[in-house]
Amino acid sequence: MGAYISTYGYLDTGSLTQDYPQKQELLFRQGGMMQTGFVFIFNIKIHTLRPVRLKPEMKRLDFFYSYFEDTLFENAGLDLEDQFIYSNKVGGGLFSHVVYAAYLLESMCSKTPSVPLYEGEVLKNPEYLGWLNDLFQEQYQQYLRPTMLDVLDYAHDVSLDAEQKDFLRTHSHSNPGFFANYAVLCGVDAALQERPLSDCESDRDFCFFYCFSETFQAFREQCPLPEEKQAELLLRVISECYDTHQISSAAEAEKITGFQDFIFLVGYVLCIESPAFPLAVIAEAYHLDFWTIWHRIKPSFRKYRNWFQPETPVSTQQFLNLPADDLLILWSEDHAFSFSETMQDWFSQLRKQVSRYSRKPPEAYSLRQIIQMLDYAEKNYPHLWVFEDFLSETADFLYDTQFQALWHIFHDMLYETPVSDSVQHQKKLKRFFALCANLPLRKKVLGF
């Protein structure tokens, strides 16, 4: 069994900006998403790597290899005709994090609400939005992510069929957002019966639902105000709390029996992602229409959501949680990394080697000899694959002294260490291929 990412909601691809595919391309490339291919040269099969790249004739920006994990997955990517993200099994490592970030970017860019789910759960780690903020100079923040209530609100305007209600019921067991939406549509009691308290005592979010229901009932029984005034007070204070971030009607509330319960209720509403469940409880208890009271609260709730600060930008290196020395393939003037002293020393050694081989070129390697080297590398080091662009560049400049120098250096590196010491040596060889394939970095380090 594998983990999946899905989307709950409505995606309006027509509302996406023209540069949206380029944004997803950058996200995939910075996340190390690639394709593998192969070529037959001199009857030898050589595997190659291709970072994702948009081309005019493409219908899908597709990938299945996670470069930094060195792992093949099932296909994922961006459908360029319908402009939606697709994926299959994504695992639980970097590949899944990058794909989830792509779904989240899709959600943030669409004018209609959709919520990406990893195995049915909303991932609220601030690093996802922080990474998007860093990549695209955005100001995304957690409270402006589309919520389950946003989806339900939009669905209420367009329609919600029986199949979708059944979907909510089925998933209400595991997801608090689905549970709250189901309570809105089918009643609080119906939702609470779907997942009894005894089944969720270890789940904080679901326990809060029960705690809120019980506390609300205690407040209602003790409060001397008529029911219509109870409802009015609750709704007014909730709105004021969203507007001012404090309970400004507390003085009035203190005169009411059960004030502490009342304060707990309001505090609870401020702490959760959306007021769907509390408003459903209030609407059902006082025989009010949920949508009427929601549209009364919504302007204040939106104001409250905009009050929070954007997530702190998270660099690609931080998001991937990898040393800069492993990110050679990603380096660019716009996305630069600070390499270690060890890496800087290695760069210096490579410059000297290129200079030496260029000044006194040894016998040139033929293309056949280079292919034989690559074949040996593949057979002895799993997934040590050359980048397609660099192999093509080599064929175009085969007898250029600088390119010959690179292949002489690769030859020396390939055979200098016994294959039994393969792990660290393979990392070194992989970094060399990355340096050669990254033209801006190669020009900066080696001058060509």
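Bear in mind that the values in this text are calculations on the coordinates, not laboratory data. Since the model is a prediction, treat every value here as computed from it, not as a measurement. Because the Cβ atoms are built from the backbone with ideal geometry, glycine has one as well, and the counts that use them run over all protein chains shown.
Computed from label points 7 Å out along Cα-Cβ, the spacing between Asp345 and Arg359 is 2.3 nm.
Only Lys, Arg, Asp and Glu carry charge here, each on its Cβ (+1 for the first two, -1 for the last two); on that basis the chain has a dipole of about 1860 debye about its Cα centre.
Compute the angle between helix 401-416 and the longest alpha-carbon principal axis of the chain, please, reported from 0 to 90 degrees and rounded to the nearest 10. Here the helix axis deviates by roughly 80 degrees.
Can you give me the Cα centroid spacing of segment 390-444 and segment 291-334 in angstrom? What the calculation gives is 37 Å, centre to centre. The 3J(HN,Hα) values that the Karplus relation (6.51, -1.76, 1.60; θ = phi - 60°) gives for segment 269-284 are, in residue order, 4, 6, 8, 9, 5, 8, x, 4, 5, x, 5, 5, 5, 5, 4, 5 Hz. Gly and Pro appear as x. Our estimate of slack between Tyr210 and Asp70, defined as 0.36 nm per intervening residue step minus the Cα-Cα distance, is 45.9 nm.
What Kirkwood hydrodynamic radius do you get for the chain when you take the inverse of the mean 1/r over all pairs of distinct Cα atoms, in Å? Roughly 25.6 Å, rounded to one decimal.
Each peptide in 239-246, 325-332, 52-59, 178-185 receives the mean, over its residues, of other Cβ atoms within 10 Å, and ordering these scores from highest gives 178-185, 325-332, 239-246, 52-59. Taking the simple approach of a point 7 Å from Cα along Cα-to-Cβ for both Asp400 and Tyr143, what is their distance in nm? So the label points at Asp400 and Tyr143 sit 5.5 nm apart. Estimated from the Cβ-Cβ distance and a Förster radius of 30 angstrom, the FRET efficiency linking Arg50 and Tyr376 is about 0.85. Bridgeable lysines around Lys111 (alpha carbons under 19 Å apart, same-chain partners fewer than 8 residues away excluded): Lys23, Lys298, Lys303.
Computed from backbone phi with θ = phi - 60° and the Karplus coefficients 6.51, -1.76 and 1.60, the 3J(HN,Hα) list for segment 163-171 is 5, 5, 5, 5, 4, 4, 4, 4, 8 Hz; x is used for glycine and proline.
With distances taken between every two different alpha-carbon atoms, segment 5-141 has a Kirkwood hydrodynamic radius of 15.6 Å.
With 24 Å as the limit on Cα-Cα distance, the pairs of Lys124/Lys427; Lys55/Lys430; Lys352/Lys427 that go past it are Lys124/Lys427; Lys55/Lys430.
With a simple spin-label model that places each label point 7 Å from the Cα along the Cα-to-Cβ direction, the separation between Ala336 and Asn88 comes to 4.2 nm. Cβ-Cβ distance of Lys352 and Glu127, R₀ of 41 Å, FRET efficiency by 1/(1 + (r/R0)^6): the value works out to about 0.55.
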